[in-house]
Amino acid sequence: QVQLVESGGGLVQAGGSLRLSCAASGSIFTHNKMGWYRQAPGKQRELVADITSDGSTNYADSVKGRFTISRDNTKNTVYLQMNSLKPEDTAVYYCYYRGNYLSYWGQGTQVTVSS
């Protein structure tokens, strides 16, 4: 089992920044992938960004150049730095962990961007 604890969501004005954190604990495999999905009201959950344990990153086109994902393997923690936020970034952001063919999800953290 893997437990994920997210933090850092909140309310921000358009153009502002937020940083999300997600700490994993439990049965962590050396080779894994962590990242963030988001789900806005009435929409499907979509990938925002993810990063492998060796540092390879992947971003949704809608956030490229504005969001940066990083991780600290010593702390089993992944970060999402979100800059130049737009109202359309408003969603619940979910952290996920994938390792040894298993996936786990965080409880979600609300990000609201006001115009």
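Table for the structure above
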read-out: Subset tally (residues that are open to solvent by 60 Å² or more (accessible area, probe 1.4 Å) and among the small types (G, A, S)) for segment 28-56; value: 2
read-out: Which numbered condition L47 misses (of (1) free of Cβ contacts under 8 Å to residues at least 24 places away in the same chain; (2) outside any strand (DSSP E or B)); value: (2)
read-out: One residue from A24, A40 being over 12 Å from the mean Cα position of the chain (by Cα) and within 15 Å of A91 (Cα to Cα); value: A40
read-out: Among the residues listed as S84, S103, S25, the single one being in a strand (DSSP E or B) and either open to solvent by less than 30 Å² (accessible area, probe 1.4 Å) or in contact (Cβ under 8 Å) with a residue 12 or more places away in the chain (or both); value: S25
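The values are calculated or read from the model by the stated rules, or taken from the named source; none is laboratory data. Note that the structure is predicted; figures quoted are calculated from it, not measured. Neighbour counts are summed over all protein chains in view; Cβ atoms, including those assigned to glycine, are modelled from backbone coordinates with ideal geometry. Ligands, DNA and RNA are stripped out before the accessible areas are found, and what is left, the full protein with its side chains, is counted by its heavy atoms. Shrake-Rupley method; radii C 1.70, N 1.55, O 1.52, S 1.80 Å.
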